[in-house]
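What follows is one structure encoded as structure tokens, with my remarks underneath.
Nothing in this text is a laboratory measurement; each read-out follows from the coordinates by a stated rule. Note that this is a predicted model, so its numbers are computed, not measured. For neighbour counting, all protein chains shown are included, and Cβ atoms are generated from backbone atoms with ideal geometry for every residue, glycine included.
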Ligand code: BYC
């Protein structure tokens, strides 16, 4: 009887939860939620946070070599924004009952996933343009959808992040626009960057819907509101005309406007490459992890100093409060 009673209660809770989702109500941290919903969010939000933080590395690489003071200032601001996005997202994950240190440790141990895209190298200055235009462009496509995700703290973090990503996308596009209006060599550099970043950018949206293990449940819970393939198509449709304005050639012989579908058709993604990168064997996976681990180790003194300062402040506060208490007494 108790076991059966529990099942009925869970079924009722699950039904009420799904009804709230279907009414488009936001789920907040203290609300009841199925454990699988909580775990899915922790997985997705933490992977997203890790992507923001690891995403600082390929671009940070170009800060000392930016071609002008204006470019350097914009790039520093952008990389700093990515750190901020990581922090909003770690905070959103923490509202689900996991602490930040655990998430950091998962990433440090190489157990956590982050977006495949950040395992590719930024070889020339044009790559910084391509990352802004394509990578941030793909990120926005996905994140605009996530401003309407069912979990309140994640949706609210996304609103702020999207505003900043839109500036990032434009600064990338403007870098490329400047290059394509420059010398033949600069234009060739822009084309080469597009050739290398196009396919990895399409991979950011994840496996095809038929292969996406989490999509069906995440769509039912309205964590995801559009599928991987829908977003990828939306990205291709929006980006092809932008490439035309730049006068650059998208490296896909099968790319063609399909009048009947009202969308561009495009070629098959190399899924072997995608999974190889996801499983740690991309061009820069090891380099990225080593840089992150180094940064963490080199920052140990900052964390220790911050902790010592916080403890000192707390002690002083306690002393002052103690004095006041004594005076009152
Ligand atoms: N890379 O069932 P699926 C940014 C994994 S932008 C690595 O479709 P889901 C930034 C997936 O995690 C990038 N792994 O999963 C931009 C799952 O593995 P697990 C960050 C990938 O979750 C500029 C498995 O494949 N954006 O930060 O339903 C500068 C099966 O996939 C990838 C986000 O994270 C990939 N590309 O859908 C700086 C957006 N794709 O967990 C920073 C939030 C799939 O079972 N995330 N996998 O081991 C999402 O919207 C969804 O998680 C995804 C995947 C669309 C990415």
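Overview of values
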{"read-out": "For region 37-191: rounded, prolate or oblate by the Cα gyration tensor [a/c cutoff 1.5]", "value": "prolate"}
{"read-out": "C-alpha long axis of helix 69-94 to longest principal axis of the chain, angle in °", "value": "40 degrees"}
{"read-out": "Tensor-based shape of region 109-159 (alpha-carbon gyration tensor, a/c under 1.5 rounded, otherwise prolate or oblate)", "value": "oblate"}
{"read-out": "Cα→Cβ-extended label distance, 7 Å offset, between residue 43 and residue 109, nm", "value": "1.7 nm"}
{"read-out": "Prolate/oblate/rounded label for the chain (Cα gyration tensor, a/c 1.5)", "value": "oblate"}
{"read-out": "Centre separation in Å (Cα based) which lies between region 47-93 and region 216-288", "value": "23 Å"}
{"read-out": "Mean residue ellipticity (222 nm) of the chain, computed from DSSP H runs ≥ 4 via -39,500 (n - 2.57), nearest 500", "value": "-22000 deg cm²/dmol"}
{"read-out": "Extension gain from residue 68 to residue 253, taking 0.36 nm per residue of separation minus the Cα-Cα distance", "value": "63.0 nm"}
{"read-out": "Nearest-ten-degree value, helix 152-180 long axis tilted from longest Cα axis of the chain", "value": "30 degrees"}
{"read-out": "Spacing of the two label points (7 Å from each Cα toward its C-beta) at residue 240 and residue 220, in nm", "value": "3.5 nm"}
{"read-out": "√(5λ) per eigenvalue of the Cα gyration tensor, region 257-325, largest first, Å", "value": "55, 22, 8"}
{"read-out": "Cα-based helix-to-principal-axis angle, 35-54 vs the chain, degrees rounded to 10", "value": "60 degrees"}
{"read-out": "Virtual spin-label span in nm between residue 166 and residue 316, 7 Å along Cα→Cβ", "value": "4.3 nm"}
{"read-out": "Region 98-132-region 138-195 distance, computed between alpha-carbon centres (Å)", "value": "16 Å"}
